[in-house]
Amino acid sequence: MKKRTLQALCAATAATFLLAPLGTALAEEIRMSVKSQAQQSLQEDLPRNGLSESSVKNGWGQPQSVTGPVGEPPIYQWHYQNFIVFFESNRVIHSVLRQDR
C-alpha cells in the first residue's frame, strides 16, 4: 500500500510541475507605428458621441461640406479636413478620421 501511495504522490508532483507553465500569464507585445500613434491621438480630439450639432460647430467650426440625409432614420455626414462626423437626430453617433489624408 505504501508503494502505491508513494507512486501516486510522485505522479501528482510530476504532473504539477509539467502543467505549471501552462497556467502562467503570457504577455503580448504590441508594436505601433508613429503614424498610428499620431492617428490615435487625433482620434481622441474628435467629437464624442451624443454631442449636438451646435456643440460640434462651436468646438470644430463649420464643416467643409455636408451630405445627407440618407436612410431611415436620416443620417447626415459633416466633412472636415481630417475627419467626418455622423449625425442622427442632431446628435453625433460616430466620428472617424479621413483615410484620404
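Read the figures in this text as sums done on the coordinates, not as results from a lab. Bear in mind that the values here come from a model prediction, so they are computed numbers and not experimental data. Every residue, glycine as well, gets a Cβ built from its backbone with ideal geometry; the counts of neighbours run over all protein chains shown.
Tabulated data
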item: The range 53-92, residues that are loosely packed, with under 15 Cβ neighbours inside 10 Å and either in contact with a helix residue (DSSP H, G or I) (Cβ under 9 Å, 6 or more places away or on another chain) or β-branched (Val, Ile, Thr) (or both); result: Val66, Thr67, Val70, Asn82, Asn90, Arg91
item: Within the range 79-101, tally of residues that are in contact (Cβ under 8 Å) with a residue 24 or more places away in the chain and not small (Gly, Ala, Ser); result: 11
item: Scope the range 57-91; condition out of contact with any strand residue (DSSP E or B) (no Cβ under 6 Å at 6 or more places or on another chain) and among the aliphatic types (A, V, I, L, M); matching residues; result: Val70
item: Residues (of a type in the set (Phe, Trp, Tyr) and part of a strand (DSSP E or B)) located in the range 60-101; result: Tyr76, Trp78, Phe83, Phe86, Phe87
item: Selection within the range 48-69 - among the polar types (S, T, N, Q) and under 25 Å from the mean Cα position of the chain (by Cα); result: Asn49, Ser52, Ser55
